[in-house]
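A.B. asks: Structure incoming, see below.
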């Protein structure tokens, strides 16, 4: 059964170093997860050697686990574990010959194996994402705030074929687990209630407006880092996106202007506070309302209605304020979200295909 991870990384453009390209491939498929180790720069994993010295050099040959284990200095169990990773992600396949399981590249080359792997992974992922049609509520107001360009996190997703549900497991739990949205360790509340990731996912699928951390804290009462990590996993998988809460801009701007006026006065607002960047008539209205203690959220919104959101955010920054960040599903409906995820998946596989073809060209020349 297909079981693979994808981690988007910049393609090693122009590189013809075999080790660098193999390392990129191993890291993109997260076949070796040893990030942060002090010796990671000098350690060459058995998978790296297996790809570089065996599968690439002899694409039409097959090996049994015992022979490979003897040559790589690994036990049969360790070798089976390494080969299973390649088999589960779709790079290798096995045939039975004379009672031995012979492992080989699918269809006789790395590029062919990657092409088949990509087609299979895309189909499995598309089928798994179809359940969003039944769960997600369509909403045009959800996407009222424009998405920020260049704000995407590196794409990271776990693609796993559908398996029978465990006892007591619900479909949505299996979905979140198989796509890696529960993280490496599933934290289940002691009272038997649903995990935090499921609660947040269910909220995002039905929400009409972005979810802020303050709102999330009120609803689930955990810590900000844990909430952020959970939401970032949704964003990395392409299911959700992180956006500035422009809808909260009038309230945030009013709060910043009012608090700085109370602390530093009108003169500071006119100089270092940044109000002098605004139109003179607008500045006078704001200062007059502040001095008369009539500066409210409603009056602030009315005064700044003709000022662009970008200029308001610059002013907010000069005042020392911060615009809240919100999270929402990455589309108005399930179709939009599914297309976004599949598009990012295709982008990663195009890079993998180019790297595999480059590796074959280097080895054969």
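A.B. asks: Would you mind classifying region 164-280 by shape? Square roots of the alpha carbon gyration tensor eigenvalues, ordered a ≥ b ≥ c; an a/c under 1.5 is rounded, otherwise it is prolate if a/b is larger than b/c and oblate if not.
C.D. replies: On the way: a/c = 3.77, a/b = 2.92, b/c = 1.29.
Note, shape of region 164-280 comes out prolate.
A.B. asks: Would you mind listing how long region 88-153 runs along its three principal axes, going by Cα atoms, in whole Å with the largest first?
C.D. replies: 63, 30, 15
A.B. asks: Indicate the gyration tensor shape class of region 1-136 (rounded, prolate or oblate), computed on the Cα atoms with a ≥ b ≥ c the square roots of the eigenvalues: a/c under 1.5 is rounded; otherwise a/b larger than b/c is prolate and the rest oblate. Show your work: numbers first, answer last.
C.D. replies: Values: a/c = 1.69, a/b = 1.23, b/c = 1.37.
The shape class here is oblate.
A.B. asks: Can you give the angle from 0 to 90° between the axis of helix 18-28 and the longest principal axis of the chain, with both taken from C-alpha atoms, to the nearest 10?
C.D. replies: 60 degrees
A.B. asks: Further, regarding this structure: State the Cα centre-to-centre distance between region 322-365 and region 252-285 in whole Å.
C.D. replies: 44 Å
A.B. asks: Show that you can apply the helix-only estimate: for the chain, add -39,500 (n - 2.57) for every DSSP H stretch of four or more residues, divide by all residues, and state [θ] at 222 nm to the nearest 500. Walk me through the numbers before you get to the answer.
C.D. replies: Working: 15 runs with 183 residues, N = 365.
For the chain, the value works out to -15500 deg cm²/dmol.
A.B. asks: Based on alpha-carbon positions alone, could you give the equivalent ellipsoid semi-axes of the chain from the gyration tensor, as √(5λ), descending, whole Å?
C.D. replies: Values: eigenvalues 538, 110, 64 Å².
So the three semi-axes of the chain are 52, 23, 18 Å.
A.B. asks: Rounded to the nearest 0.05, what FRET efficiency is calculated for residue 133 and residue 20 with R0 set to 56 Å and r the Cβ-Cβ distance? Could you put the intermediate results ahead of the total?
C.D. replies: Details: r = 42 Å, r/R0 = 0.75.
Calculated transfer efficiency: 0.85.
A.B. asks: Sticking with this one: Once you have a ≥ b ≥ c as the square roots of the Cα gyration tensor eigenvalues for region 248-318, tell me rounded if a/c is under 1.5, and otherwise prolate or oblate according to whether a/b is larger than b/c. Walk me through the numbers on the way to the answer.
C.D. replies: Values: a/c = 1.30, a/b = 1.15, b/c = 1.13.
Because its axes are fairly even, with a/c under 1.5, region 248-318 counts as rounded.
A.B. asks: Using Cα pairs under 8 angstrom and six or more residues apart, how large is the relative contact order of the chain, in percent? Provide the component values of the computation, followed by the final result.
C.D. replies: Working: 435 pairs, mean separation 83.2, N = 365.
It comes to 23 percent, rounded to a whole number.
A.B. asks: Expressed in whole Å with the largest first, what are the equivalent ellipsoid semi-axes of region 82-233 derived from the C-alpha gyration tensor as the square root of 5 times each eigenvalue?
C.D. replies: Semi-axes, largest first: 36, 20, 15 Å.
Every number in this text was worked out from the coordinates using simple rules, so none of it is lab data. None of these values were measured; they are calculated from a predicted model. In this analysis, Cβ positions are derived from the backbone assuming ideal geometry, glycine residues included, and neighbour counts consider all displayed protein chains.
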